[in-house]
Structure formats: C-alpha cells, structure tokens
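The values are calculated or read from the model by the stated rules, or taken from the named source; none is laboratory data. These numbers come from a predicted model, not from an experiment. Note that we place each Cβ from the backbone using ideal geometry, even for glycine, and neighbour counts take in every protein chain shown. Protein only, heavy atoms only, side chains kept; ligands, DNA and RNA dropped before computing areas. Shrake-Rupley method; radii C 1.70, N 1.55, O 1.52, S 1.80 Å.
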Amino acid sequence: MAADERRPPFISWSFPLTTSVLRHATRLIVPALGALLMAAGAAHGAPSQVSSADREAARVLLSELVAIPTAKGRASVPKLVDVLEARLLAAGFTPADIARVPVIIDEEETQGFIVRYRAKGAPKARPVALLAHMDVVDAVAANWASDPYKPVEKDGYLYGRGSQDNKFAVAALVNTFSRLKSAGWAPNRDLLLAFSGDEETGMLSTRAVIAHPWMKDVEYALNGDAGGGSVTKDGKPLSFSMQAAEKTTATYEMTAANPGGHSSVPKPDNAIYELADALKGVQALTFPVELNEITRLMVARTAKDQGGELGAAFTRLLADPADAEAIAVARRYPEYSNILWTTCVATMLQAGNAPNALPQNAVATVNCRILPGTPAAEIEAKLQKAAGSKVVVKLADEAVESPISPVRPDVLAALQKAVNVNYPGVTLQPSLSSGGTEGREYRRVGIPTYGAGSLGLVYPDDSRAHGTDERIPLAAFDKELIFWDVLIKEIAGGGR
C-alpha cells in the first residue's frame with residue numbers, strides 16, 4: 001500500500017477499501033456474469049499440489065523477508081532482492097529470466113524486480129503480470145511488543161513489519177513460481193512477477209518496472225496487495241473483494257502570506273487568521289454523489305447488509321443521487337459513504353516563525369481522495385473557490401489519475417474459482433478502494449488491474465498494516481499458496 005493508505009493492505013482495499021466497506025462490500029449482482037460465477041464456484045477443479053513441505057518453505061521465506069528492514073532510508077531492498085533471486089535461481093530459473101530494475105531515490109538505491117516464467121512454445125495469449133511490493137512503512141520499535149524486524153510466531157500468527165503489507169504476497173508468489181518451476185510445469189503464456197521497491201513512498205520503481213521491455217505486451221495485472229477478505233474468529237468467511245478501481249490521491253497546499261511585524265502591534269490582516277478562515281471554507285465544501293459501475297454495486301450491497309436509516313438512504317441514492325435528505329443521512333456514516341463522493345480534509349498545519357512576531361506565512365495541507373474520472377485540477381479549482389482570495393491553493397505533489405478497470409468475466413471467474421477453493425460459496429465482490437496501491441500506475445498506462453488474493457483476516461483485530469504489532473494469521477497465509485497455485489494454472493493452463 002501507499003504510505004497514505006488507509007485500509008487493510010491486501011485489499012485496496014486500498015487493501016483503502018476501508019475495513020467497513022470491505023466487510024460490507026457489494027456481492028456481485030451483474031446478471032451477465034451470474035451464470036459464469038456459479039459455474040466457477042461449483043467446479044473447483046483439480047486439488048492444489050501444495051504440500052506441507054511447500055508450506056513450511058513459504059513460511060521460512062516470509063520470516064526471512066520480514067527480517068529485512070525495507071523501509072525508506074534503510075537501503076535494504078536490494079538485499080531482499082538477493083534473497084528472492086537466489087530462491088528462484090535454485091528452482092531452475094536462469095539469469096536471463098530475471099531483471100533487477102535499480103532506481104535511485106533521494107540518493108538511496110531501491111529496486112524493482114521482474115521474473116519471467118516463459119511459456120512453453122509459442123505463447124497462446126499475452127503475458128499477465130503478478131504484482132506485490134517489497135518495501136514497508138518503517139515501524140516505531142518502542143511501541144511494539146517485540147522487535148518489528150525479528151519475526152515472532154505466536155498463537156498462530158507471524159508478527160513483524162511487512163508480514164501483512166505486503167511481504168506475504170511476495171513470499172507466496174515466489175514460493176509458487178519456485179515450486180512450479182521445480183516441478184517442470186510450463187504455462188501457455190508468459191507470467192511476470194513484477195515487484196516494486198517504493199510503493200509506500202512514491203512508486204517510482206513501479207514506473208520503472210512498467211517501462212521494462214518485458215512488460216510492454218501485458219494484457220492485465222493481478223495485484224497481490226489489493227485482494228482478500230474478512231472472516232470471523234472461527235474462520236467463517238464474511239466478504240471477499242476484488243479491487244477494480246481506486247480513488248486518485250491528491251495533496252494540496254493552502255498558503256497565506258503577510259509581511260508580518262512585531263506581535264506588540266497586531267494588524268487586521270494576519271496570515272494565521274486568513275488561513276483559518278480559508279480552512280473553514282474547505283470544511284464546508286462538499287462534493288456530489290457520483291456512482292460508477294463498481295460503486296453502484298457496493299452501495300446496493302451495503303444498503304442490503306446495513307438496513308436501517310443508512311440502508312434506506314443508500315437505496316434512495318441509487319434512485320436519485322441528488323436526494324438531499326439521503327445525502328445528509330449518508331454523511332453521518334463516513335466509513336461507508338466515502339465511496340459515494342470525493343473527499344478533502346485538512347491534515348497538517350505550519351505557521352509563524354517566532355512567538356513574538358506576527359506570522360509571515362501560514363500553510364495547511366489538505367488531502368483529497370478523488371473519484372475516478374474527476375481531474376485533480378478541477379478539485380483544486382473548487383478548493384480555491386472555497387478558500388477565498390486571501391490564500392493560494394496549489395497541488396503539492398503529483399496526482400495520479402487512474403481509470404476504472406472493466407470487470408472482465410474471464411478474470412473474475414478465475415479469481416472466483418481460486419477464492420472458492422479456500423472458501424466455498426463465497427461470491428467475490430468487485431470494489432473501489434478509497435486509498436491507493438500501485439494498481440493505479442498500471443491502470444493509468446492502460447493495463448487493467450485487479451486485486452487478487454484470499455487472505456482472510458479478522459477485523460478489526462488483524463487490521464494492523466502500518467501500525468503496531470503487525471501480524472498475519474499463518475493458516476490464512478498457507479491458504480494463499482493454494483490460491484495462487486489454482487489461479488496461475490487457471491489463467492495460464494499449460495502442463496509439463
């Protein structure tokens with residue numbers, strides 16, 4: 001997940017799909033896909049070939065990866081790539097199958113990492129990329145019960161920074177590629193592991209990976225950082241998601257400037273007061289309800305699951321997105337309604353230079369999550385209007401605008417089948433994430449990208465990505481090996 005995330009890591013939520021939205025995301029109700037999904041759910045196909053030895057090897061690899069502190073500033077991503085490369089070479093991949101993609105960011109080298117699993121003979125379809133990220137958000141060690149970079153197994157969990165976001169997917173994918181290669185399995189199309197080294201801080205390595213020649217013909221991508229679901233404490237599945245869209249993340253600066261002066265001579269114009277007035281204008285700014293093919297499904301399911309005044313309001317908004325009374329009710333439930341509209345909120349302040357001087361500058365940071373299809377420049381103009389003429393609003397960083405990936409029946413059916421091997425009867429739910437993953441970078445260059453995974457977490461107990469005592473249920477991790485085994489064979493056929 002990106003550093004501003006915002007959701008459980010495996011969904012985009014999001015993994016910023018929020019926990020609540022994930023849990024109550026819509027069930028698929030597109031009639032054209034219904035029969036296809038039922039068939040996929042009913043026929044699980046041949047059982048997975050994952051053995052207990054494979055599971056143990058994957059757990060060992062995950063622990064090894066968690067022990068490498070791949071946060072920005074620690075210059076450790078290349079070391080992690082060394083571990084992955086050694087594992088894959090030992091399984092039978094050759095140096096010609098592996099590409100390290102170095103990127104220098106703030107005088108520190110990180111890396112992207114691509115592994116090509118070549119098709120046997122002439123490929124029968126275009127390549128598919130399998131995504132995950134190797135970096136983590138650094139941990140405040142003093143707040144943890146144990147060292148965040150010394151993985152600990154306890155009560156069925158593996159504790160450690162990155163165990164959930166997102167090294168479990170890295171380990172599962174590398175283990176699956178290694179096992180299949182050692183067994184002599186060959187796909188009928190090229191498969192590409194595409195790992196990034198700075199997803200949490202900038203995604204420049206993601207762009208470098210996408211620009212690599214091996215990636216030019218990719219048909220679609222499956223993002224291991226943007227799929228999964230929620231389960232009860234006894235393992236009963238509640239809801240599983242396939243991210244197909246995410247909001248644009250844009251950060252703006254609002255600046256008030258003034259000549260300043262001595263604090264003993266106050267003036268009517270004051271940078272702090274002017275900024276405060278502007279922020280009140282932004283606080284009052286609201287955006288209209290905008291429904292798309294993904295959020296309409298999510299709203300319908302949430303209305304059914306929640307009932308009460310929220311369910312009634314969501315039902316009315318499906319019929320009339322401008323219903324003022326329904327909007328007023330929905331705004332009382334931001335954990336559900338954030339998928340309905342663009343949101344902007346003040347997150348940081350900086351002002352003045354001395355306690356006995358009138359402020360010369362006052363700056364506020366406003367973070368916006370923008371629905372697909374709305375340009376960041378349009379939001380900037382609305383912020384400026386709300387803030388008034390005494391402050392200047394400007395985009396603080398690049399805003400990556402990302403389209404919706406169309407829900408492809410073949411991709412959805414393959415993901416559905418893999419999820420149902422672990423959780424029979426669950427219906428996979430296409431979703432929009434309120435936060436961001438590197439899927440946005442693939443979508444913006446025309447590569448449809450979908451969240452992939454069946455990692456079942458208990459919410460809110462297991463929602464610890466970016467936080468203290470991050471952990472992953474080891475039984476759920478073991479199931480990910482089965483998920484990827486079934487999914488890869490479904491999308492790439494092949495055999496010995």
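Would you mind getting the accessible area per residue of segment 347-496, heavy atoms of the protein chains only, 1.4 Å probe, in Å²? Could the numbers behind the result be given before it?
On the way: 5450 Å² over 150 residues.
Averaged over the residues of segment 347-496, the accessible area is 36 Å².
Tell me the mean residue ellipticity at 222 nm calculated for the chain from its helices only (DSSP H runs of n ≥ 4, each -39500 (n - 2.57), averaged over every residue, nearest 500).
Values: 15 runs with 171 residues, N = 496.
Calculated from helices alone, the mean residue ellipticity at 222 nm is -10500 deg cm²/dmol.
Which aspartates and glutamates have a Cα less than 13 Å from the Cα of residue 390, not counting those fewer than 8 places away in the same chain?
269, 274, 277
Greater than 24 Å separation of Cα atoms is the criterion. Which listed pairs, 72/489; 79/167; 120/216, meet it?
Where the Cα-Cα span goes over 24 Å, the pairs concerned are 72/489.
What does the charge count around residue 319 come to, taking other residues whose C-beta lies under 13 Å from its C-beta (Lys +1, Arg +1, Asp -1, Glu -1)?
Values: positive: 296, 316; negative: 320, 323, 325.
Every neighbour counted, the sum reads -1.
Restricting attention to the alpha-carbon atoms of segment 321-410, what are Rg (one decimal) and Dmax (integer), both in Å?
That works out to 17.7, 67 Å for Rg and Dmax.
Can you give me the C-alpha center-to-center distance between segment 91-154 and segment 398-428, rounded to a whole angstrom?
Taking the Cα centre of each part, segment 91-154 and segment 398-428 sit 22 Å apart.
Probe radius 1.4 Å, ligands and nucleic acids ignored: give me the carbon and sulfur share of the accessible area of segment 224-332 as a rounded percent.
Working: 2720 of 4890 Å².
Reported share for carbon and sulfur atoms: 56 percent.
Just flag the GluC sites (Glu not before Pro) in segment 70-131 sitting in loop per DSSP whose Cβ has no more than 15 other Cβ atoms within 10 Å. All intermediate terms of the calculation are to be shown ahead of the outcome.
Numbers: sites: 85, 107, 108, 109; in loops: 107.
Those that pass, being in a loop and sparsely packed, are 107.
Mind giving me the nanometre distance, one decimal, between the label points for residue 106 and residue 286, set 7 Å out from Cα along Cα→Cβ?
3.9 nm
State, as an integer percentage, the relative contact order of segment 373-496 based on alpha-carbon contacts under 8 Å between residues 6 or more apart. Present the calculation step by step, with values, prior to reporting the outcome.
Working: 89 pairs, mean separation 32.8, N = 124.
So the answer I get is 26 percent.
From Cα pairs below 8 angstrom and at least 6 apart in sequence, can you work out the relative contact order of segment 433-496, rounded to a whole percent? Intermediate results must be reported in sequence, preceding the final value.
Details: 26 pairs, mean separation 16.3, N = 64.
For segment 433-496, the relative contact order is 25 percent.
Please find the FRET efficiency linking residue 389 to residue 293, where r is the Cβ-Cβ separation and R0 is fixed at 35 Å, and quote it to the nearest 0.05.
Working: r = 39 Å, r/R0 = 1.12.
Step by step, r from the Cβ atoms, then E = 0.35.
What ranking do 300-313, 424-437, 66-79 get when scored by the average of other Cβ atoms within 10 Å per residue, highest first? It would help to have the intermediate numbers written out before the result.
Values: 300-313: 17.6, 424-437: 24.9, 66-79: 19.6.
Descending packing order for the listed peptides: 424-437, 66-79, 300-313.
Among 186, 137, 115, whose Cα sits farthest toward the positive end of the charge dipole of segment 111-216 (+1 at Cβ of Lys/Arg, -1 at Cβ of Asp/Glu, about the Cα centre)?
Of the candidates, 186 comes out farthest on the positive side.
For every other residue with a beta carbon closer than 11 angstrom to the beta carbon of residue 260, add +1 if it is Lys or Arg and -1 if Asp or Glu, then tell me the sum. Show your work: numbers first, answer last.
Numbers: positive: 267; negative: 269.
Local net charge: 0.
Let me see the pair-distance distribution of segment 313-353: every alpha carbon pair, 5 Å bin width, integer percents in order.
5, 20, 26, 17, 8, 6, 6, 6, 4, 2, 0
As a test of understanding, state the convex hull volume per residue of segment 185-279 from its alpha carbons, in Å³. Mind showing how you got there, number by number?
Values: hull volume 25.0 nm³, N = 95.
Residue-normalised Cα hull volume stands at 264 Å³.
List the equivalent ellipsoid semi-axes of segment 110-231 in whole Å, largest first, each obtained as the square root of 5λ for an eigenvalue λ of the Cα gyration tensor. Mind dumping the intermediate values first?
Working: eigenvalues 183, 64, 26 Å².
Taking √(5λ) for each Cα gyration eigenvalue gives 30, 18, 11 Å.
First measure r as the distance between the Cβ atoms of residue 396 and residue 82, then evaluate 1/(1 + (r/R0)^6) with R0 = 41 Å and state the FRET efficiency to the nearest 0.05.
Details: r = 36 Å, r/R0 = 0.87.
Once rounded, the FRET efficiency stands at 0.70.
In whole Å, what is the distance between the alpha-carbon centres of segment 329-368 and segment 222-289?
6 Å
Mind checking the full-extension length gain between residue 155 and residue 74? Use 0.36 nm per residue of separation minus the Cα-Cα distance, one decimal, nm. Intermediate values should be presented prior to the final figure.
Values: separation 81, 0.36 × 81 = 29.16 nm, distance 3.01 nm.
Difference between extended and current length: 26.2 nm.
Sorted from largest down, what three extents in whole angstroms do the Cα atoms of segment 355-467 have along their principal axes?
Over segment 355-467, Cα extents along the principal axes are 66, 35, 20 Å.
Relative to the Cα centre, what is the charge dipole magnitude of the chain, using +1 at the beta carbon of each Lys and Arg, -1 at the beta carbon of each Asp and Glu, and rounding to the nearest 20 debye?
Values: 51 positive and 55 negative charges, 239 e Å.
The dipole of the chain has a size of about 1140 debye.
If DNA, RNA and ligands are ignored and the probe is 1.4 Å, what is the ranking of 440, 296, 207 by accessible area, most exposed first?
Ranked from most to least accessible, the order is 296, 207, 440.
Calculate, for residue 277 and residue 146, the FRET efficiency according to 1/(1 + (r/R0)^6) with r their C-beta to C-beta distance and R0 56 Å; round to the nearest 0.05. Mind showing how you got there, number by number?
Working: r = 48 Å, r/R0 = 0.85.
Calculated transfer efficiency: 0.70.
Restricting things to Cα coordinates, could you compute the convex hull volume per residue of segment 450-496 in Å³?
Taking only Cα atoms, segment 450-496 has a hull volume of 101 Å³ per residue.
Lys and Arg at +1, Asp and Glu at -1: add these up for the other residues within a Cβ distance under 14 Å of residue 284 and post the number. Walk me through the numbers on the way to the answer.
Values: positive: 280, 331, 382, 385; negative: 277.
Spelling it out: positives minus negatives among the neighbours equals +3.
I'd like the carbon and sulfur percentage of the solvent accessible area for segment 410-496, probe radius 1.4 Å, heavy atoms only, ligands and nucleic acids excluded.
So the carbon and sulfur contribution to the accessible surface is 47 percent.
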